[in-house]
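Please read the structure below before turning to the comments.
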Amino acid sequence: MAQDAIEFQYDGQPVRLPLVRGTEDETAVDIRRLRAETGLITLDPGYANTGACQSAITFINGEQGILRYRGYPIEQLAQGSTFLAVAWLLIYGELPSSEELERFEREVTRHTMLHEDFHHFFDAMPKSAHPMPVCAAAVSALTTFYDEPTTDDEIAKSIVRLIAKMPTIAAYSFKHSIGQPTMYPRNDLGYASNFLHMMFATPCERYEVDETVARTLDLLLILHADHEQNCSTSTVRMVGSSLANLYACISAGISALWGSLHGGANQKVIEMLERIAAEDGSADAFLRRAKDKDDTARLMGFGHRVYKSYDPRATILKSACHDVLDRIGGSSQLLDIARRLEEVALSDDYFIERKLYPNVDFYSGLIYQALGIPVDMFTVLFAMGRLPGWIAQWLEMRRDPDFRINRPRQVYQGPRERPLPAS
Ligand code: ACO
């Protein structure tokens, strides 16, 4: 029989902690009673060994490079599904029937417009603002236009609103930054195509959506749709655990995603490749810097807290990158540098010993660039993709029988009590 608890001695007393096993056999020590029974807490900087919840949404095996949404391999979803079907799957647990998908697509299409007063919001932002904080603020501002969703019906409506309005918010933040008039959404276009229209059409010129570009964008959104308890998702859960409303939680997730160690890495990869190209194009010289502890340079798009072999999303994107660049063009010079960096890094002891492989961000930026997406918008697209995952995780948390406000402890290392100096 499989072991169901671990036992150890503390302070001369036996302590018994139960084990919890997941459906894929990963095992956790349940420490819920640890402090009550021993006075001890656990210390785990960066939560590298801490399971914050039990979840039925996404499974990752970092050693074997496996990623599944609700049990379905990412490779199969990437090939045979659409972003809105995947969003439904993540949020509601099963693939949608054709009627459910049709209804969901129709509802999302009909809720893409923003309240006209939102134009004042964008006008109030400086033109130089990065679109990520503008998006985070705009999503938070949705709370001021709509009542806090509480019933299941209201929550379902908010989910549709968020998924529908996010591309509009994203495109408006871009249009604002380049000083062009915003474009209203078009109900005759699909999700990705409508976003491309709002980004690139102008009142003077239609934008003919290229099918390859739209399908590639949809693929990118699918690949980013969820990734279990990463930094931004844990942020959504953390903020949501105080019972903050859905829009506020998603806004917090967008802010967390922006950091360069997380979703912001896709922008940093292109900047890194461009810097290398502008200098001497040498992958080897840059890798020497990335390995040097006295240098702040890191090989952006490499390494992952969970994946200790190839990130399966990077595998899919690497081959998509070749296809897209072949079909619609793009910087083959940057792709060549990326390939060379990857090749050298994967045979270098520093990266081998630390199990550092390309992550999703290594090739995504090159594809965004080939699709004509400006660099500042890369992380915004990541946020658009991650939205259904954040929503699914928020919903799961709210319905969890173990639901409690998230409140970690600490080991205090500051001064002991001391009197205030007499004045
Ligand atoms: N370049 C050079 N060295 C690296 C890199 C890298 N990209 N990533 C990790 N290392 C080194 C670290 O310096 C450390 O070395 P040491 O053991 O000698 O001190 C070792 O590998 C372990 O790295 P940590 O930073 O401890 O790993 P952690 O799990 O905390 O961080 C992270 C993971 C943040 C992704 C890290 O690998 C990194 O900074 N990568 C570059 C940024 C990036 O691509 N982020 C996107 C991640 S995917 C996503 O969020 C969508």
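The values are calculated or read from the model by the stated rules, or taken from the named source; none is laboratory data. Being a predicted model, the structure only gives us computed values, none of them experimental. Don't worry about glycine lacking a Cβ; one is built from the backbone with ideal geometry, like all the others, and counts go over all protein chains shown. Only protein heavy atoms, including side chains, enter the accessible area calculation; ligands, DNA and RNA are left aside. Shrake-Rupley method; radii C 1.70, N 1.55, O 1.52, S 1.80 Å.
Peptides 12-22, 140-150, 57-67 ranked from most to least packed, by the mean per-residue count of other Cβ atoms within 10 Å: 57-67, 140-150, 12-22.
Residues of the range 295-310 with backbone nitrogen within less than 18 Å of a virtual label 7 Å along the Cα-to-Cβ line of Ile352, please, listed as ranges. Inside the label zone: 303, 308-310. Taking the Cα centre of the range 1-113 as origin and assigning +1 to Lys and Arg Cβ atoms and -1 to Asp and Glu Cβ atoms, the resulting dipole is close to 280 debye. Rolling a 1.4 angstrom probe over the protein heavy atoms with all chains in place gives the chain an accessible area of 51 Å² per residue. Across the range 5-66, the mean sequence separation of Cα contacts (distance under 8 Å, 6 or more residues apart), normalised by length, yields a relative contact order of 19 percent. Relative protection proxy for 304-311, 179-186, 71-78, from highest mean packing down: 304-311, 71-78, 179-186 (other beta-carbon atoms within 10 angstrom).
Spatially, the range 358-423 and the range 190-226 are offset by 26 Å when compared through their Cα centroids. Relative to one another, the C-alpha centroids of the range 265-280 and the range 123-156 are positioned 32 Å apart.
Helical runs assigned H by DSSP (4 residues or longer) give the chain a calculated mean residue ellipticity at 222 nm of -16000 deg cm²/dmol, each run adding -39500 (n - 2.57) before division by the residue total. Simple point charges give the picture: +1 on the Cβ of Lys and Arg, -1 on the Cβ of Asp and Glu, and for the range 268-312 a dipole about the Cα centre of about 320 debye.
Please work out the Cα convex hull volume for the range 1-142 and give it in Å³ per residue.
Each residue corresponds to 228 Å³ of Cα convex hull volume.
Once both labels are positioned 7 Å from their Cα atoms along Cα-to-Cβ, the gap between Asp402 and Arg418 label points is 4.1 nm.
Can you give the local net charge around Pro96? Use residues other than it whose beta-carbon is closer than 13 angstrom to its beta-carbon, Lys and Arg +1, Asp and Glu -1. Once all neighbours under 13 Å are counted, the net charge is -3. Counting only protein chain heavy atoms and rolling a 1.4 Å probe, the accessible areas of Val139, Val375 rank, largest first, as Val375, Val139. Protein-only accessible surface at a 1.4 angstrom probe places the residues Cys231, Cys135, Cys204, Cys53 in the order Cys204, Cys231, Cys53, Cys135, largest first. Computed over the chain, the range of Cα coordinates on each principal axis works out to 79, 68, 56 Å, biggest value leading. Considering the zone a paramagnetic label at Ser242 would reach in this model (a point 7 Å from Cα along the Cα-to-Cβ line), which residues of the range 384-410 have amide N under 13 Å from it? Residues 405-408 qualify, since their backbone N sits under 13 Å from the label point. Expressed in Å, the radius of gyration and Dmax of the Cα atoms of the range 43-100 are 14.2, 49.
In the structure displayed, which of Lys318/Lys355; Lys157/Lys268; Lys165/Lys268; Lys293/Lys318 lie more than 25 Å apart, Cα to Cα? Long pairs (Cα-Cα over 25 Å): Lys157/Lys268; Lys165/Lys268; Lys293/Lys318.
Other residues lying with their Cβ under 10 Å from the Cβ of Cys53 contribute a combined charge of -3, Lys and Arg counting +1, Asp and Glu -1.
For the range 265-370, rounded, prolate or oblate, judged on the Cα gyration tensor with a ≥ b ≥ c (square roots of eigenvalues), a/c < 1.5 rounded, else prolate if a/b > b/c? Because a/c hits 1.5 or more and a/b fails to exceed b/c, the range 265-370 counts as oblate.
From the alpha carbon centroid of the range 1-59 to that of the range 77-106 is 35 Å. Within the shell defined by Cβ-Cβ distances under 10 Å, the residues around Ala5 carry a net charge of -2, with Lys and Arg each +1 and Asp and Glu each -1. Using only Cα coordinates, the Kirkwood hydrodynamic radius of the range 5-66 works out to 13.6 Å.
If the chain linking Cys53 and Ala156 were pulled fully straight, counting 0.36 nm for each residue of separation and taking away their Cα-Cα distance, it would gain 34.8 nm. Each label was represented as a point 7 Å from its Cα along the Cα-to-Cβ direction; for Arg106 and Gln79 these points are 3.2 nm apart.
Peptides 102-111, 25-34 ordered by packing proxy, namely the average of other Cβ atoms within 10 Å per residue, highest first: 102-111, 25-34.
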